[in-house]
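Below is one structure, written out as structure tokens; comments come after it.
The values are calculated or read from the model by the stated rules, or taken from the named source; none is laboratory data. In this text the structure is predicted, and so the values were computed from the model without any measurement. Positions of Cβ are generated from backbone atoms using ideal geometry, with glycine treated the same way; all protein chains shown enter the neighbour counts.
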Amino acid sequence: MDKYEKVKKIGEGSFGKAILVRSKEDGHQYVIKEIGISRMSNKERQESRKEVAVLANMSHPNIVQYKESFEEGGCLYIVMDYCEGGDLFKKINNQKGVLFTEEQILDWFVQICLALKHVHDRKILHRDIKSQNIFLTKDGTIQLGDFGIARVLNSTVELARTCIGTPYYLSPEICENKPYNNKSDIWALGCVLYEMCTLKHAFEAGNMKNLVLKIIRGSYPPVSMHYSQDLRSLLGLLFKRNPRERPSVCTILDKPFLARRIHRFLSPQLIAQEFTYSLSPAKRPAPGPSPITPAQKITKPAAKYGVPLTVKRPADAGRKVADAAKKQVERKPGIKLKQAPPPAAGQRRVSRVEEERRKYEVHQSAPYWQPPCTNTPKLLSLLLFN
């Protein structure tokens, strides 16, 4: 802490505090999160260091920038950039009932989506998306911060069943004690969008029980007709009760009324880098005729997130299945085999494997993945100060 001069305390939680400091080297202001780790076990300390490494690898114009971390006097210190514009929650409250323009809402929303895309592309869940964790820089740029309960998805087989997050932003599946997944972040994203449109929470109640019931039912007051049909329809998609029906952040950004705004916030080089592996299905080349090979890769949605799926198919598999079906039918008297109609002139018969491949290549929704099932890391709670 010798390199920094304390300005003021800006937040405090049960496990630590957030301090606004000024660097003695460059004079810039930063936020330091001080976390007591002296009572942690060695394993818990290792987990804490791993999660700090996650923060260190986040480099994006719309994500609060990590500067450094160090341990001193039984505490872990995490140094982050300071956003002088405050958070979106305060910005909303300062409106005093005057609605934001749709232009302003969409500009902010696209920046939030770009930040979340960067996170999800790295198989990380934020888990605490809310207006208090969305900050504005001095020039008005949106930055997503407070990855206090983010987790790297080291295993796609295990599930996380940790119910965390701010109650107003909890998704129906979390309220029903189902596993947390990437689409739970999308629900919270919808809550933030609704908040920007109405200056209120989408789901409010006098007690936790009624709040949970409202969330599970997915009942919320409609937004003003002052906003476009595109915007109102998008809210309906984000608030789908079934998480599998919610769009991914890539699908959201692919919508024309949002896609045309991306160039305002990312350079052409960064756009090419960020969207290399998330092209719209409509922009992919159409699959051409190809023979069945012994091992044919099927492009399922999860494959976009580093989970290649391969189906091994013996060369004579089709003949064996047909023979088995024929024998089974022959055992039953009076049943005749119905031959499949031959393909029309100029057409090639399409195999089941190829049908599956084509079906998934035009799949419009993004993958539905879930984080590994681990004990709740201590650092998750430690970094929350709101």
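Values as computed for the structure displayed
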| quantity | calculated |
| --- | --- |
| Matching residues, segment 63-77, being of a type in the set (A, V, I, L, M, F, W, C) and either at pLDDT below 90 or surrounded by fewer than 16 Cβ atoms within 10 Å (Cβ to Cβ) (or both) | F70, C75, L76 |
| Number of the condition not met by D107 [criteria: (1) farther than 28 Å from R260 by Cα; (2) in contact (Cβ under 8 Å) with a residue 12 or more places away in the chain; (3) of a type outside the set (V, I, T)] | (1) |
| Spans of helices (runs of 4 or more DSSP H) in segment 162-280 with at least 3 residues farther than 20 Å from H118 by Cα and of a type in the set (A, V, I, L, M) | 208-217, 229-238 |
| Odd one out for L76, checked against (1) within 17 Å of Y4 (Cβ to Cβ); (2) in contact (Cβ under 8 Å) with a residue 24 or more places away in the chain; (3) out of contact with any helix residue (DSSP H, G or I) (no Cβ under 7 Å at 6 or more places or on another chain) | (3) |
| Test: residue in segment 80-94 that is in a loop (DSSP other than H, G, I, E, B) and polar (S, T, N, Q) | yes |
| Number of the condition not met by A18 [criteria: (1) part of a strand (DSSP E or B); (2) over 30 Å from K123 (Cβ atoms)] | (2) |
| Answer residue from segment 131-157, given it is in a loop (DSSP other than H, G, I, E, B) and touching a Leu at 6+ places or on another chain (Cβ under 9 Å) and is modelled with the highest pLDDT among those | D146 |
| Every residue from segment 18-43 that is among the basic types (K, R), modelled with pLDDT of 85 or more and within 17 Å of E71 (Cα to Cα) | K33 |
| Within segment 2-33, considering residues that are closer than 16 Å to D146 by Cα and of a type in the set (F, W, Y), the one surrounded by the most Cβ atoms within 10 Å (Cβ to Cβ) | Y30 |
| Whichever residue in segment 34-52 is in contact (Cβ under 8 Å) with a residue 12 or more places away in the chain and more than 25 Å from V119 (Cβ to Cβ) and, among such residues, is surrounded by the most Cβ atoms within 10 Å (Cβ to Cβ) | M40 |
| Scope segment 82-96; condition under 24 Å from the mean Cα position of the chain (by Cα) and small (G, A, S); matching residues | G86 |
| So L55, is it surrounded by 15 or more Cβ atoms within 10 Å (Cβ to Cβ) and either in the same structural domain as I142 (by TED's automatic domain parsing) or small (G, A, S) (or both) | no |
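Residue-wise test of (1) assigned to a loop (DSSP other than H, G, I, E, B); (2) in contact (Cβ under 8 Å) with a residue 12 or more places away in the chain.
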| residue | (1), (2) |
| --- | --- |
| V54 | no, yes |
| P61 | yes, yes |
| E103 | no, no |
| H118 | no, yes |
